[in-house]
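*Asks:* Please see the structure below; I have some questions.
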Amino acid sequence: MRPVDVNAWIGEYPWHGQPRWTARDLAAEMANADTDELWVSHLAGAFGRDPAAGNVELYAAANADSRIRPVPTVDPSVADWADALDVAVRQKAPAVRYDPVLRGIDPVGNEVFHLLGACATRAMPLMMAVRLEDLRQRDPDDPAADLPPFAIRQLIRSNPAARLIITHADRDTIEQVHFGSTPSEARRILWDISWIWGPPEDHLELLFRTVGIERFAFGTGMPLRLAENSVAKLDLLQLDADARHRICARNVAEFVAG
């Protein structure tokens, strides 16, 4: 089963002088993860540099390559944010994203709740990253903080129709959110595996057993992380065919379908 990667990026990372990645670069990298479909976000949108231009590039990439699904940024601090959300619906985006912590913004501010409510009304999942880079490696001028577990819990319980896709979360974050949420709330959160330690550590295997394998989706975080890492985690766990299919495709398909 070739996986659906829910966590890929194009654009330019604003720190450390990283090269700019294009959709063509990602398409070439897909072979390393043997992926069948990429959900792609734009770094310019995530960091608030130019979300509108980033979204245009995402839609163009998706129109040029059927394997790419756009995950546009919707910034609730701008006047036309609801229009951007409606465009995402028309473009059949599988999710939209907003990353307040990457901009140094309160993750539980009123505007975030307004966006989440509007997404819920449109049956659109909202994607957020806990982090894109380890705190110890961040540039001194980078205002980004990690998305705290309490914020994820407050967001998911704010609206009974809200759905969150959280990427780059580690075991501690996932456990704090999952075991601090009701079963109904926990079912409306999907986690990608890109930041969870795999073998020889037992974090990923333990989370599959305690949180539930149905709560996880395949994600690489490329090009900011090596795509092969996520593939190796699953290979080393030696999952049966049904479990691997769940993580690689079935879970995310069922989550998007609601």
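The values are calculated or read from the model by the stated rules, or taken from the named source; none is laboratory data. Quick caveat: nothing in here was measured; it's all calculated off a predicted structure. Glycine gets a Cβ as well: all are built from the backbone with ideal geometry, and neighbour counts include every protein chain shown.
*Asks:* Counting just the residues of region 201-251 that are in contact (Cβ under 8 Å) with a residue 60 or more places away in the chain and small (G, A, S), which one comes out nearest to V177 (Cα to Cα)?
*Replies:* Going through the qualifying residues, I end up with A217.
*Asks:* Follow-up. Do any residues in region 55-77 that are closer than 18 Å to M30 by Cβ and of a type in the set (K, R) have Cβ atoms under 9 Å from those of residues that are assigned to a loop (DSSP other than H, G, I, E, B) and modelled with pLDDT under 95, where the two are at least six apart or on different chains, and which pairs are they?
*Replies:* R67/T35; R67/D36
*Asks:* Let me ask another. Restricting to region 208-245, and then to whatever is among the small types (G, A, S) and surrounded by fewer than 18 Cβ atoms within 10 Å (Cβ to Cβ), can you tell me which residue is farthest from A28 (Cα to Cα)?
*Replies:* Within region 208-245, the first condition is being among the small types (G, A, S), and the residues that meet it are 212, 217, 219, 221, 227, 230, 232, 241, 243.
With surrounded by fewer than 18 Cβ atoms within 10 Å (Cβ to Cβ) added as a condition, the list becomes 212, 232, 241, 243.
Values: G212: 33, A232: 19, A241: 27, A243: 27 Å.
So, considering only residues that are among the small types (G, A, S) and surrounded by fewer than 18 Cβ atoms within 10 Å (Cβ to Cβ), the one farthest from A28 (Cα to Cα) is G212.
*Asks:* Checking R97 against (1) surrounded by 22 or more Cβ atoms within 10 Å (Cβ to Cβ); (2) touching a Gly at 6+ places or on another chain (Cβ under 7 Å); (3) charged (D, E, K, R), only one condition comes out false. Which one?
*Replies:* If we test R97 against (1) surrounded by 22 or more Cβ atoms within 10 Å (Cβ to Cβ); (2) touching a Gly at 6+ places or on another chain (Cβ under 7 Å); (3) charged (D, E, K, R), just (2) comes out false.
*Asks:* Now a separate question. Is one or more of the residues making up region 122-144 part of a helix (DSSP H, G or I), closer than 30 Å to G17 by Cβ and of a type in the set (S, T, N, Q)?
*Replies:* For region 122-144, residues part of a helix (DSSP H, G or I), closer than 30 Å to G17 by Cβ and of a type in the set (S, T, N, Q): present.
*Asks:* Next question, about the same structure. I'd like to know if region 43-52 contains one or more residues that are under 28 Å from L135 (Cα atoms), charged (D, E, K, R), surrounded by fewer than 19 Cβ atoms within 10 Å (Cβ to Cβ) and touching a residue at least 24 places away in the same chain (Cβ under 8 Å).
*Replies:* yes
*Asks:* Just to be sure I understand, how many residues within region 1-25 are in contact with an Asp or Glu (Cβ under 9 Å, 6 or more places away or on another chain) and within 26 Å of N251 (Cβ to Cβ)?
*Replies:* Here is the first cut: in region 1-25, the ones in contact with an Asp or Glu (Cβ under 9 Å, 6 or more places away or on another chain) are 1-8, 10-11, 13-16, 18-24.
Narrowing further to those that are within 26 Å of N251 (Cβ to Cβ): 1-8, 10, 23.
So the answer is 10.
*Asks:* Criterion first (touching a helix residue (DSSP H, G or I) at 6+ places or on another chain (Cβ under 7 Å) and either more than 25 Å from L234 (Cα to Cα) or buried (at least 18 other Cβ atoms within 10 Å of the Cβ) (or both)) does L155 satisfy it?
*Replies:* On the way: touching a helix residue (DSSP H, G or I) at 6+ places or on another chain (Cβ under 7 Å): yes; either more than 25 Å from L234 (Cα to Cα) or buried (at least 18 other Cβ atoms within 10 Å of the Cβ) (or both): yes.
So L155 fits the description; yes.
*Asks:* While we're looking at this one, here's another question. Go through region 159-207 and report how many residues are among the hydroxyl-bearing types (S, T, Y) and exposed (fewer than 15 other Cβ atoms within 10 Å of the Cβ).
*Replies:* Initially, region 159-207 is screened for residues among the hydroxyl-bearing types (S, T, Y), giving 167, 173, 181-182, 184, 194.
If we keep only those that are exposed (fewer than 15 other Cβ atoms within 10 Å of the Cβ) too, we end up with 182, 184.
Going through region 159-207 one residue at a time, the tally reaches 2.
*Asks:* Here is a list of conditions, (1) within 23 Å of D106 (Cα to Cα); (2) assigned to a strand (DSSP E or B); (3) of a type in the set (F, W, Y), and W39 meets all of them except one; can you say which number that is?
*Replies:* All conditions pass for W39, except number (1).
*Asks:* Considering only residues that are within 16 Å of W81 (Cα to Cα) and out of contact with any Leu (no Cβ under 8 Å at 6 or more places or on another chain), which ones fall in region 50-70?
*Replies:* Here is the first cut: in region 50-70, the residues within 16 Å of W81 (Cα to Cα) are 50-56.
Listed by number, the residues that qualify are D50, P51, A52, A53, N55, V56.
*Asks:* Need pairs with beta-carbon distance below 6 Å; first residue closer than 29 Å to P140 by Cα and within region 101-128, second in a helix (DSSP H, G or I) and among the small types (G, A, S); sequence gap 6+ or separate chains.
*Replies:* L102/A46; P107/A151; V108/A151
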